[in-house]
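One structure is given below, encoded as structure tokens.
Read the figures in this text as sums done on the coordinates, not as results from a lab. Everything numeric here is computed off the predicted structure, so don't read it as measured data. All Cβ positions, even for glycine, are placed from backbone atoms using ideal geometry, and neighbour counts span all protein chains on display.
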Amino acid sequence: MDEKEQEFRINCQSDHEGNSTNPRERLLIILAFIFLVLVLSLLCAIVISIAVESLLPKSGLCLTKECVKKAGDILENLNEEVDPCDDFYNYSCGGWKNKNLLSLPGKSIFQEIQMKIYEQMYSFIMKFENDEGIEGKVAKITKSCIDHSKSNEKKNLKDYYDKLFQSFGGFPLANVEVNSEMTITDKIANLYRLLGTEPVLRITVMPSDKDNRNNVLIIAPPDPSIFNSYKSDIELAKKILKDVYKIADLNSTKLNDIEKLYDKIQKQITNDSQYKEEYLSSSDTNKVTEYFGVFNFNEFIKTLLAENPKESNTKLKKLIPSKVVTPSTDTDTTSESPKTEQFSDTISTIDQPSTTAISLNKQLRQSLKRRKREDEVNKIPIIEILLVNPDVIKIVLDLFKNETEETIKNFLSIQFLKNIEENIVMDIPEKKLSKKTMSKEVEDGTIMKCLEDVSEYLMYAFDYIYIKNANVPIDKAKHVVEHIKKAMKSFVPDYSWLDETGKTLVQNKLDEMESFVGYPAWLSNKDQVQNYYKGLNIVKTKKSELVRRGSLDSDGGDGSESDNGDRNVGGNDGLEEDGGADKNKSVTEKSDESKPHKDGENVENKPEKSDVNNEGNKEIKPYIEIYMEMVKFNKKKLLEKLFETNDRHSWPTIPALSITTVNAYYSSQLNAIVVPAAILNPPIFDVDIPYYLNFGSLGTVIGHEITHGFDTNGRKRDKNGNIPERSQWNEDTIKNYNNRSTCFEKQYSNYKVDSTQVSGIKTLAENIADNGAINEALTGYRYWLSEHHKGKKENSLPALGNFTHEQLFFISYAQSWCHSATRKYLKQLIESDEHTPNQFRVKGSLSNSKEFSEAFECGNGKSMNPPSKCKLW
């Protein structure tokens with residue numbers, strides 16, 4: 001190695017050793033660097049936090065998955081290109097409508113929830129297909145319906161139709177043997193009890209207006225919509241007669257006679273302005289007897305209540321005592337017997353009948369009195385019949401009186417055939433889709449329609465399965481109800497148009513208003529639900545044929561048949577020959593085992609042995625028989641309520657509404673609001689998001705129902721739901737009320753789709769409820785916030801920091817009414833529905849709200865802030 005190379009090596013080594021640091025020094029340097037980074041990061045975080053906080057309300061930010069999703073949904077539904085002060089509905093729902101353009105003719109948020117519930121229920125139900133008990137019954141019937149609609153049973157249709165028409169009483173046009181003993185009244189009754197069809201008279205049972213502890217039979221003219229498609233109904237009959245019955249040459253004269261009868265009825269009903277606009281009153285009670293030329297009410301009631309028409313001629317030989325209530329003219333101007341009374345928010349076209357009564361059958365009671373058997377007289381149940389629009393009933397029945405018996409029977413048979421084709425045969429599945437089921441898939445549509453039928457005809461069993469599989473936030477929803485009632489009550493002292501007596505009446509009625517939320521307690525008890533349906537037999541037997549006149553019964557059809565021929569249906573004894581007068585107990589003293597029990601009632605669970613628990617894997621009846629068994633079972637249950645009493649403090653059973661139906665209602669007869677479980681689902685109610693959104697959606701629904709207690713009909717009833725003999729309000733208060741109501745009539749009559757105008761009169765009660773709901777829900781939220789958050793604001797939603805909580809309350813309200821619809825569909829709604837179309841519901845109510853205009857800073861004169869506003873509650 002030379003000298004230079006050696007020197008180089010020495011120098012390199014020296015430099016390396018001079019610059020080296022020990023491990024401890026290196027560690028200190030690294031730690032110092034990390035500390036510096038952390039300090040800088042913390043400073044940045046503080047700066048960012050201060051900046052973000054300055055942009056947000058004082059509250060925090062909700063970043064749960066529910067809040068993030070809700071924020072995304074709100075933004076997606078909005079159309080921020082629209083000025084909220086010009087058109088708040090399209091501002092709130094424009095994005096939603098664009099997403100749902102293919103869901104025509106109509107779709108809504110409520111329908112979306114309904115579809116989701118049915119999808120869930122389908123998965124729940126089909127798990128029980130091989131089970132015994134009530135779940136198995138529901139599963140078997142649902143599957144039978146679906147399989148029936150998919151199967152090709154064309155070759156068997158004639159046999160089925162023959163049996164059906166024989167049970168119904170024959171079809172002259174089809175040459176099906178007509179039972180000469182069966183009267184027209186029998187056929188009308190059988191249409192109702194076998195298929196629920198009401199082409200001549202509408203029939204239901206409701207609490208009495210004068211004493212809601214008792215129920216009455218309500219008979220009204222037919223629904224005008226039945227006759228809108230009468231030509232297509234006749235064409236359907238002609239097609240079936242040709243395809244199924246192979247009748248190539250139909251009697252044109254007979255067809256023309258049928259069409260003329262349809263046409264006459266349609267014209268009399270739809271063109272009768274008095275029928276459409278006002279209640280017809282008459283003081284001539286003797287006139288009632290003129291209405292029964294071709295229609296015998298006593299015979300009709302017997303046919304409805306009997307197990308089969310044969311019983312109406314044997315077991316029910318005695319006439320059922322009945323009292324027909326007819327309109328009377330009241331000269332007392334302070335009388336508050338309303339002229340357009342709605343029996344509940346879910347029944348829209350029945351007018352308040354009246355006050356004067358006559359007895360169609362006094363013979364039995366008078367006979368017993370003559371024999372000094374007063375105690376037995378009191379045991380005879382009196383069926384009170386309320387005639388709605390009796391003059392129109394007379395017109396319809398007079399038309400029948402002038403027709404041949406053959407024409408009438410053909411007319412009724414076509415209605416029978418139409419109902420079978422649409423509800424049982426399901427040859428065209430699209431026809432089966434109701435407003436609630438919007439699926440475009442035939443298979444999905446069929447499943448949804450079958451679920452819809454089961455939810456209607458096996459309502460309590462269907463509800464039981466839902467309760468067992470769903471988490472229903474009842475307590476939290478009750479808090480919403482309580483605070484909204486509190487809000488409305490707080491407004492009453494400031495109503496200058498109400499005198500002090502009126503204010504006291506309103507506050508007392510609010511105090512007495514019952515609230516039923518979620519579901520009745522007894523529905524969670526399987527044994528009680530099974531007992532209710534113990535009389536419904538779906539098992540096939542050797543005698544399972546539709547051959548008995550007016551009956552679908554086979555052995556055990558509606559119950560078990562005892563050796564002496566007496567039948568026990570659903571635990572309810574049939575009417576005795578003398579109306580119960582010669583027995584140890586009256587007709588009204590019936591077994592409670594098959595009736596819904598009162599909420600909270602402690603009932604020993606000892607289910608009787610019944611077909612519910614004995615079906616197992618037995619072969620069930622064809623669906624066509626099951627369907628009619630279900631209809632008949634439910635109609636019988638409804639009519640049995642004529643002999644039962646009501647307790648307004650228990651969950652209402654009439655009108656009955658499945659808890660799986662996305663809706664809510666107010667019962668004016670009971671002064672009660674009902675908020676079923678189904679509506680307590682997102683996006684209407686979600687306990688995991690801020691409540692300013694929940695009060696905007698569910699809160700306004702509840703406020704709407706509460707306000708119905710004081711709409712044009714509800715205000716006429718007292719705190720218990722009864723109509724007093726004289727008005728509780730004085731004339732000046734009534735005048736003030738009517739003046740303020742007229743403002744809403746004029747406002748909503750200005751809304752129209754093309755040339756089809758909203759009827760401010762027809763929709764008045766609903767519009768009053770909508771307008772009262774807004775401020776009640778907003779004020780109710782403030783009460784809720786004060787109690788649950790001590791006045792502090794709730795958390796805000798991400799990406800919505802530019803909205804105040806009050807603005808989001810109004811957006812939540814509007815978005816709960818988002819819907820997509822064709823103009824044709826909207827026009828049909830305007831003509832048929834007592835509710836204003838959704839876009840006008842939002843515009844009408846919010847344009848009257850001072851709080852809305854302030855929240856969005858809408859200038860005076862803007863579309864959503866008109867200079868003149870309507871205000872009542």
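Each of the peptides 478-484, 228-234 was scored by the mean count of other Cβ atoms within 10 Å over its residues; in descending order, highest first, they stand as 478-484, 228-234. Please state, as a whole number in µm²/s, the translational diffusion coefficient that the Stokes-Einstein equation yields for the stretch 122-186 at 10 °C and 1.306 mPa s, with Rh defined as the Kirkwood radius across alpha carbon pairs. Translational diffusion coefficient: 109 µm²/s.
Work out, in µm²/s and without decimals, the Stokes-Einstein translational diffusion coefficient of the stretch 619-734 at 25 °C, 0.890 mPa s, Rh from Kirkwood over C-alpha pairs. Let's see the in-between values first.
Details: Rh = 17.3 Å.
It comes out at roughly 142 µm²/s.
Evaluated over the Cα positions of the stretch 623-680, the convex hull gives a direction-averaged projected area, one quarter of its surface, of 5.0 nm². For Lys793 and Lys150, the FRET efficiency from 1/(1 + (r/R0)^6), where r spans their Cβ atoms and R0 equals 60 Å, is about 0.65.
Peptide packing for 492-499, 161-168, 130-137 was compared via the average number of neighbouring C-beta atoms within 10 Å per residue; ordered from the highest value, the list is 161-168, 130-137, 492-499.
For the stretch 82-126, the residue among Ser108, Tyr91, Met126 whose Cα projects farthest onto the positive side of the dipole built from Cβ charges is Met126. Beyond 24 Å, how much of the Cα-Cα pair distribution for the stretch 63-209 remains, as a whole percent? Counting every Cα pair in the stretch 63-209, those more than 24 Å apart make up 67 percent.
Farthest towards the positive end of the charge dipole of the stretch 184-252, among the residues Ala248, Ile188, Ala237, is the Cα of Ala248, using unit charges on the Cβ of Lys, Arg, Asp and Glu.
By per-residue mean of other Cβ atoms within 10 Å, what is the highest-first order of 180-192, 798-810? Walk me through the numbers on the way to the answer.
On the way: 180-192: 20.5, 798-810: 18.3.
For the peptides 180-192, 798-810, the packing ranking is 180-192, 798-810.
The Val687 and Ser123 beta-carbon pair, evaluated with R₀ = 22 Å, returns a calculated FRET efficiency of approximately 0.40. When every Cα-Cα distance of the stretch 170-241 is counted in 10 angstrom steps from zero, the calculated P(r) takes the values 16, 34, 34, 11, 6 percent. Taking 37 °C and 0.692 mPa s as conditions, the stretch 813-870 diffuses translationally at an estimated 259 µm²/s according to Stokes-Einstein applied to its Kirkwood radius (Cα pairs). Give me the log10 of I(q) over I(0) for the stretch 149-272 at q = 0.11, 0.14, 0.16, 0.20 Å⁻¹, as the Debye formula computes it from C-alpha points; what are the numbers? Treating every Cα as an identical point scatterer, log10 I(q)/I(0) equals -0.51, -0.79, -0.98, -1.34. Across q = 0.15, 0.22, 0.25 Å⁻¹, the stretch 696-753 modelled as identical point scatterers on its alpha-carbon atoms has Debye log10 I(q)/I(0) values of -0.62, -1.00, -1.07, in the order of the q list. Pairs of Cα atoms in the stretch 458-525 fall into 5 Å distance bins, from 0 up to the last occupied one, in shares of 3, 14, 19, 15, 12, 10, 9, 8, 6, 4, 0 percent. State log₁₀ I(q)/I(0) for the stretch 100-139 at q = 0.35 Å⁻¹ as given by the Debye formula over alpha-carbon point scatterers of equal weight, solvent excluded. Each listed q maps to, in turn, -1.04. Pairs exceeding 26 Å between alpha-carbon atoms, taken from Lys65/Lys850; Lys418/Lys636; Lys116/Lys752: Lys65/Lys850; Lys116/Lys752.
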